[in-house]
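Quick notes on the structure that follows.
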Amino acid sequence: MLTDREQTERDLVIKLKDTLGPQFQKIWTHKKISASPKFKKYIKKELGYIPILQPEFDLVFKTVDKKLNAIEVKYLNNTSKGYNLPYYWGIGQALALQRFGFDHVGLWLLVGQNISDNDLNKYGAEAWTFIRKELKLEMEYSYLRVINEGGKTRFLVMKYTGKQSGIELVDVDDFRFNMTWKHPNPLQNDPIAKTLRKGIELYLEDELP
């Protein structure tokens, strides 16, 4: 079994897909539209140019009601040099997803089990406060404790209760937890975003000409 230090962000994204798969019509991981000649050809034809493309989409969810939602994932871990990223890491990348016309975009902070409870909430709740109360950004945000036990990786949903405090709820795939998408992408109806969204849908379903 991988330890916290041996796990990578990519490993955890794939495990999230496996964990959440039954709740969604489809989930894609690590999709890189900038590496697709067909996607770039389609966009060049539709827009007349190729905009700067996001390096990679960590997670894209197709919901049962046909919405397409994208999540940027960051993994807070304790390395030999200390914690590997600041609490605000990934916000810019998550916001950049909005220009691709997704219905909802967001940031999920995964926190390794070797991080203290105090710092788990300090990092997770500080980011929640920054995103929700200070900047008031129209994007999803969640922080989850990563737990490795019995050869399985669990993702425990945390709930913000204060600037540097939170409480544990349930596993992200627990039937008692209802994943909601509360913050629609403000750019989803922008003409360029709609064109990019159409191209992404065709790309994900492998239907580009």
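The values are calculated or read from the model by the stated rules, or taken from the named source; none is laboratory data. Because the structure is predicted, anything quoted here is derived from the model rather than measured. In this analysis, Cβ positions are derived from the backbone assuming ideal geometry, glycine residues included, and neighbour counts consider all displayed protein chains.
Brief remarks on what is shown
- Residue in segment 190-197 that is among the hydrophobic types (A, V, I, L, M, F, W, C), touching a strand residue (DSSP E or B) at 6+ places or on another chain (Cβ under 9 Å) and either surrounded by 14 or more Cβ atoms within 10 Å (Cβ to Cβ) or touching a residue at least 24 places away in the same chain (Cβ under 8 Å) (or both) present: no
- Hits in segment 68-87 - residues which are in contact with a Phe, Trp or Tyr (Cβ under 7 Å, 6 or more places away or on another chain) and either at pLDDT below 95 or farther than 16 Å from Gln188 by Cα (or both): Val73, Lys74, Leu76, Tyr87
- Within segment 149-177, restricting attention to residues that are modelled with pLDDT of 90 or more and of a type in the set (Asp, Glu), the residue that is surrounded by the fewest Cβ atoms within 10 Å (Cβ to Cβ) is Asp174.
- Any strands (runs of 3 or more DSSP E) falling wholly within segment 102-209 and containing at least 1 residues that are under 21 Å from Ile71 (Cβ atoms) and polar (S, T, N, Q): 140-149, 152-162
- Residues that are β-branched (Val, Ile, Thr) and at pLDDT below 95 within segment 17-67 comprise Ile52, Val64, listed in sequence order.
- Pair list, Cβ < 6 Å and 6+ apart or interchain, from segment 35-54 residues that are over 16 Å from Glu201 (Cβ atoms) to residues that are of a type outside the set (A, V, I, L, M, F, W, C): Ile50/Lys40; Ile50/Lys44
- Filtered residues of segment 133-157 (kept if charged (D, E, K, R) and in contact (Cβ under 8 Å) with a residue 12 or more places away in the chain): Glu138, Glu140, Arg145, Arg154
- If only residues of segment 92-133 that are of a type in the set (Val, Ile, Thr) and farther than 30 Å from Pro191 by Cβ are counted, the one that is surrounded by the most Cβ atoms within 10 Å (Cβ to Cβ) is Val111.
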